[in-house]
1. Does any residue in the range 283-295 that is open to solvent by 40 Å² or more (accessible area, probe 1.4 Å) come within less than 6 Å, Cβ to Cβ, of a residue that is modelled with pLDDT under 80 and not polar (S, T, N, Q) six or more places away or on a different chain, and which pairs are these?
2. Return yes or no: is residue 206 small (Gly, Ala, Ser), farther than 19 Å from residue 99 by Cα and either without any contact (Cβ under 8 Å) to a residue 12 or more places away in the chain or open to solvent by 50 Å² or more (accessible area, probe 1.4 Å) (or both)?
3. Pairs, please: C-beta under 6 Å, at least 6 apart or cross-chain, first residue within 30 Å of residue 235 (Cα to Cα) and in the range 136-165, second open to solvent by 40 Å² or more (accessible area, probe 1.4 Å) and at pLDDT below 95?
4. Every residue in the range 175-184 that is open to solvent by less than 20 Å² (accessible area, probe 1.4 Å) and either in contact (Cβ under 8 Å) with a residue 24 or more places away in the chain or part of a helix (DSSP H, G or I) (or both), please.
5. How many residues does the range 65-112 hold that are open to solvent by 60 Å² or more (accessible area, probe 1.4 Å) and among the aliphatic types (A, V, I, L, M)?
6. Name the single residue that is surrounded by the most Cβ atoms within 10 Å (Cβ to Cβ) among those in the range 241-259 being closer than 13 Å to residue 105 by Cα and not small (Gly, Ala, Ser).
7. Restricting attention to the range 223-240, does a residue exist that is within 30 Å of residue 73 (Cβ to Cβ) and either open to solvent by 30 Å² or more (accessible area, probe 1.4 Å) or at pLDDT 95 or above (or both)?
8. Hey, can you tell me all the residues within the range 130-161 that are open to solvent by 50 Å² or more (accessible area, probe 1.4 Å) and not in a loop (DSSP other than H, G, I, E, B)?
Amino acid sequence: MTLNAPRLGDMAQALTLRSHAARLKADLADRSQEVATGRAADLVRQLGGDTARLAALERDLAMTAPLRRLQAEAASRAAAMQTALESIQSRLEPLGATLRNAASAGVPAEIVAATGEARDAFGAAVAALNTSAAGRSLFAGGAVGGPAIAPAEDMLDDLRAAIGGETDAATIAGLVRDWFAPGGGFETAGYLGATEPAAAVPLGQAETVALDLRADDPTLRGVLAAAALGALAADPALDLPEATSRALFDAAAADAMAVRDPMTELRAALGTKEARIEQAGVRLQAVRAGAEMARAALVGVDEYEAATRVEALGHKLESLYAVTVRLSRLTLLEQLR
């Protein structure tokens, strides 16, 4: 019995040292994590058991994430819509001048050039109104999965059929304008979108923005009608008298000039929505930053203090290992006696 007593005592001491080493290693791992993350490893202890405030902040941060995504998407859509409107408006004034020059000069080369420019402007307007962003058609209302309007040449073909053999300029101009007016051919063969607007986009808990401008807006119809009238004024398929072509150029120029101010108003209204979207983004960022700061104040640790504790724990663990090694050697010598 006496021979086993030192051995039992050594075993108990070894177990104590091993347990102490395990606690030191666990504490060292926690402090190392705090140095790496800047957050307390034991949040319950850090918060004194009251985690309600932290949970509320986490909920606030979780709520801002989808809103920020929606705000960014809305900003992208609005910017793409603004670009489309800008591309349409940028052609109006030069188109009007070209058409008016062709109407007054009556030179064959200018007539051909004016017809080509009007056709290009019509095609460009169609392409702009069929713009999509992130897979969404921007000017098709609720029908976000497809184009807003039919191809330019298809609409011009329908207009040629509507004009038929007419040669009177006033009659032809009326037919083209009526085709784009409410109840005309544009609503059945031109506009492909939905009559209901696109869904409003949430910007906050009680705020939305409606990016609901559609290609069947009266101003945009007016742009299309002016460009189409210019494109058909000297269309070879219609073979109109020169006097009729010149009169149609003049009518198309007047129509193009008439929609300049309404186009500016459309863009200004969209710009107001862009500003609201941007302001919502700033507010969301401020809310998120405030919540992150409050959370950091609750769960954060003094990284210098944590690093100091890591170093101290490392020294303690090294010392404990040294003691353990010495004890093991003494126990071995005792067994060899």
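1. From the range 283-295, the pairs are 295/57.
2. yes
3. Pairs found: 160/237.
4. Within the range 175-184, 176, 180 qualify.
5. Looking only at that region, the number is 3.
6. Among those that are closer than 13 Å to residue 105 by Cα and not small (Gly, Ala, Ser), it is 249.
7. So far as the range 223-240 goes, yes, one or more of its residues are within 30 Å of residue 73 (Cβ to Cβ) and either open to solvent by 30 Å² or more (accessible area, probe 1.4 Å) or at pLDDT 95 or above (or both).
8. Hits for the range 130-161 are 132, 136, 153, 154, 157, 158, 161.
The values are calculated or read from the model by the stated rules, or taken from the named source; none is laboratory data. Since this is a predicted model, take the numbers as computed values, not measurements. Positions of Cβ are generated from backbone atoms using ideal geometry, with glycine treated the same way; all protein chains shown enter the neighbour counts. We work out accessible area using only protein heavy atoms, side chains counted, and drop any ligands, DNA or RNA first. Shrake-Rupley method; radii C 1.70, N 1.55, O 1.52, S 1.80 Å.
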